[in-house]
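Shown next, in structure tokens, is the structure this report addresses.
The values are calculated or read from the model by the stated rules, or taken from the named source; none is laboratory data. Keep in mind it's a predicted model, so treat the numbers as computed, not measured. Glycine also receives a Cβ, built like all others from the backbone with ideal geometry; neighbour counts cover every protein chain displayed.
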Amino acid sequence: MNFQTPWLKFTLNLLFLGMIIHIVYGFMLGLSVDEAHYALYGLYPDWSYFDHPPMVGWLQIIPAKGHWPVGLIRLVPELLWLLSVLLSMHLTKVIIASFLSSSHYHSLRSAHWWTALLILTTPILHVLAVGLLPDTLLLVLVPCMMLLTISIHNALDQRYPRDIQLWISLGVILGLAGLSKYTSLFFALGVLICLLQWHGLKIFSRPGLWLCLLIAITLITPVLYWNMNHDWISFKYQLGHGAGGEWKFRRIGNFLLTQLACYGLLNLLGLTWVFRRYLSPPIGLFSFSVIPFLIFAVMSGGGGSLPHWTSPAWIAITPICAIGLANAWFVGRKFWITTMIFLQLSLIAIGFFLLASGGLPGVSMKDPLGQKNPIADLYGWDLAGEKLNQIAIEKNIPHIVTQNWTMGSRLAWYTQSKSVHILDDRRDQFDIWFGKMPEGEDAVLLQWSQMTYELPIQKNQFSSCDKIDSMPVKRSDRAISQFDFYVCKDWGQIHPEKIND
């Protein structure tokens with residue numbers, strides 16, 4: 001079977017179907033915790049933020065300020081995902097033209113379509129296609145880094161007199177990456193490693209390199225300026241967050257298994273064939289993937305790594321894996337490739353089904369599995385926000401509180417309240433936006449069945465918290481979670497009756 005005929009049509013149809021599904025689910029699902037947090041960045045524009053640089057918020061200023069529906073806000077990541085697919089396809093063709101022998105032309109002419117198919121069959125990338133996270137931005141910026149790095153190499157090899165334009169473009173991309181996520185530094189190292197491999201230390205004599213660096217540093221000055229005025233809290237937080245807790249080797253095993261579940265085996269199959277057939281491009285290109293992946297693997301030992309953090313690293317290596325798959329298919333190694341494609345597509349289909357049904361069918365929030373249902377997190381927060389606003393107006397209480405920032409992000413977004421407080425001792429972005437809960441004030445408290453806490457009625461907390469309403473969240477004729485609403489009185493005073501508690 002020639003990939004250029006039925007498989008090409010299959011990939012095009014899958015790309016179109018993926019876009020439609022992303023749009024439908026974009027309107028169907030409520031904002032996840034991270035999405036809501038970054039949407040608040042757009043609602044409260046600033047030079048930077050406590051936990052991330054500002055780009056993910058700047059892109060949402062108009063949608064957030066315009067109170068766009070969630071489905072329209074999600075058009076931003078959906079378009080970025082599509083752009084990532086197109087850029088990665090182009091990168092595949094550039095790698096082949098720049099580094100691989102013309103003798104492989106016939107076996108690799110479909111490699112860019114394999115790139116698209118690899119992205120389409122990677123489960124976690126569909127999550128980033130619907131939810132705008134900093135990593136979604138890097139899915140576009142990392143292929144741009146690689147394309148410009150290769151273009152600069154080709155220009156220097158051919159003594160192209162206008163390579164300065166490429167250096168300027170690379171500086172802009174590196175600056176935008178720095179405005180998107182601090183870990184973009186790991187991918188910037190890939191640029192330097194490639195240029196050193198191809199041109200040695202003489203690369204440092206190129207004026208364009210220093211102009212590129214100057215542009216990148218200039219673009220990230222908003223982050224530096226904001227942190228300078230906030231006691232460098234972002235850098236302190238990221239260093240502590242990345243280190244995690246007590247380091248345990250077994251966590252690396254869990255990390256690797258999670259990576260396989262989230263990204264599938266098809267990439268590894270293509271990568272294996274690349275080395276088996278000696279199709280590998282220069283080793284420097286692997287640094288865009290290997291360096292960040294190894295760093296995140298080590299961080300996982302301390303519990304400081306999340307599955308989606310490696311997504312730009314997987315995007316960086318996808319064109320190389322696609323080259324291997326194209327060649328393997330051309331020489332007739334089709335069984336395992338076809339099996340992996342449909343296995344990964346089946347996992348994605350199951351995932352979309354579970355999202356639509358609110359979790360496993362027939363499992364309610366009272367069942368053990370229902371109490372750990374991650375999909376329940378995507379339903380009901382908009383209604384809870386409406387209910388909180390209603391109670392706050394009826395009771396004339398200006399403050400809304402909860403006991404974890406993951407709940408606070410949804411409450412701040414869906415209530416649009418200027419006074420949402422997290423009842424913990426750590427300093428975070430909510431303290432910068434809203435400050436601490438004022439002493440002696442009353443508040444409306446939200447409790448959620450999927451993340452329960454003791455009522456905050458200890459010494460130096462509220463004097464009382466009285467439950468006034470409950471709201472079950474139903475999906476497929478079953479309750480998947482429940483919100484409980486409390487009115488709490490007199491925050492932060494030392495109540496005489498509690499002195500001996």
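Quick notes
- Filtered residue count, segment 302-339, keeping only those that are of a type in the set (Ser, Thr, Tyr) and either on the phi > 0 side of the Ramachandran plot or free of Cβ contacts under 8 Å to residues at least 12 places away in the same chain (or both): 2
- Residue within segment 98-106 that is crowded, with 22+ Cβ neighbours inside 10 Å and touching a helix residue (DSSP H, G or I) at 6+ places or on another chain (Cβ under 8 Å) present: no
- Every pair of residues 6+ apart whose Cβ atoms lie under 9 Å, when the first sits in segment 421-435 and is under 9 Å from residue 405 (Cβ atoms) while the second is in a helix (DSSP H, G or I) and at pLDDT below 90: 428/237
- Residues in segment 242-287 that are aromatic (Phe, Trp, Tyr) and either under 26 Å from residue 197 (Cβ atoms) or more than 22 Å from the chain's Cα centre (by Cα) (or both): 247, 249, 273, 275, 278, 286.
- Single residue of segment 472-501 satisfying the filter (at pLDDT below 65 and not in a loop (DSSP other than H, G, I, E, B)) that is nearest to residue 366 (Cα to Cα): 498
- Counting only residues that are closer than 16 Å to residue 137 by Cα and not in a loop (DSSP other than H, G, I, E, B), segment 38-71 holds 9 of them.
- Count of segment 35-56 residues which are buried (at least 20 other Cβ atoms within 10 Å of the Cβ), under 18 Å from residue 308 (Cβ atoms) and of a type outside the set (Phe, Trp, Tyr): 8
- Qualifying residue in segment 139-152 (condition: crowded, with 24+ Cβ neighbours inside 10 Å, in contact with a Phe, Trp or Tyr (Cβ under 8 Å, 6 or more places away or on another chain) and over 19 Å from residue 191 (Cα atoms)): no
- Answer residue from segment 161-182, given it is under 15 Å from residue 140 (Cβ atoms) and of a type in the set (S, T, N, Q) and is surrounded by the most Cβ atoms within 10 Å (Cβ to Cβ) among those: 180
- Residue in segment 308-323 that is modelled with pLDDT under 90, in the same structural domain as residue 263 (by TED's automatic domain parsing) and under 18 Å from the mean Cα position of the chain (by Cα) present: no
- Put simply, of 17, 75 the only residue that is under 26 Å from residue 375 (Cα atoms) and either in contact with a Ser or Thr (Cβ under 6 Å, 6 or more places away or on another chain) or touching a residue at least 24 places away in the same chain (Cβ under 8 Å) (or both) is 75.
- Flag if residue 236 is of a type in the set (D, E, K, R), over 19 Å from the mean Cα position of the chain (by Cα) and in a helix (DSSP H, G or I): yes
- Cross-chain or 6+ apart pairs with Cβ under 7 Å, segment 377-401 first and over 30 Å from residue 356 (Cα atoms), then surrounded by fewer than 16 Cβ atoms within 10 Å (Cβ to Cβ) and not hydrophobic (A, V, I, L, M, F, W, C): 392/398
- Candidate set from segment 296-307 (those that are crowded, with 19+ Cβ neighbours inside 10 Å and assigned to a helix (DSSP H, G or I)); member that is nearest to the chain's Cα centre (by Cα): 296
- With respect to the conditions (1) in contact with a Ser or Thr (Cβ under 8 Å, 6 or more places away or on another chain); (2) under 25 Å from residue 359 (Cα atoms); (3) of a type in the set (Val, Ile, Thr), residue 406 falls short on a single one, namely (1).
- Residue count for segment 376-433, restricted to those that are assigned to a strand (DSSP E or B) and over 18 Å from residue 488 (Cα atoms): 0
- Within segment 246-263, the residues that satisfy the criterion of being of a type in the set (Lys, Arg) and surrounded by 12 or more Cβ atoms within 10 Å (Cβ to Cβ) are 248, 251.
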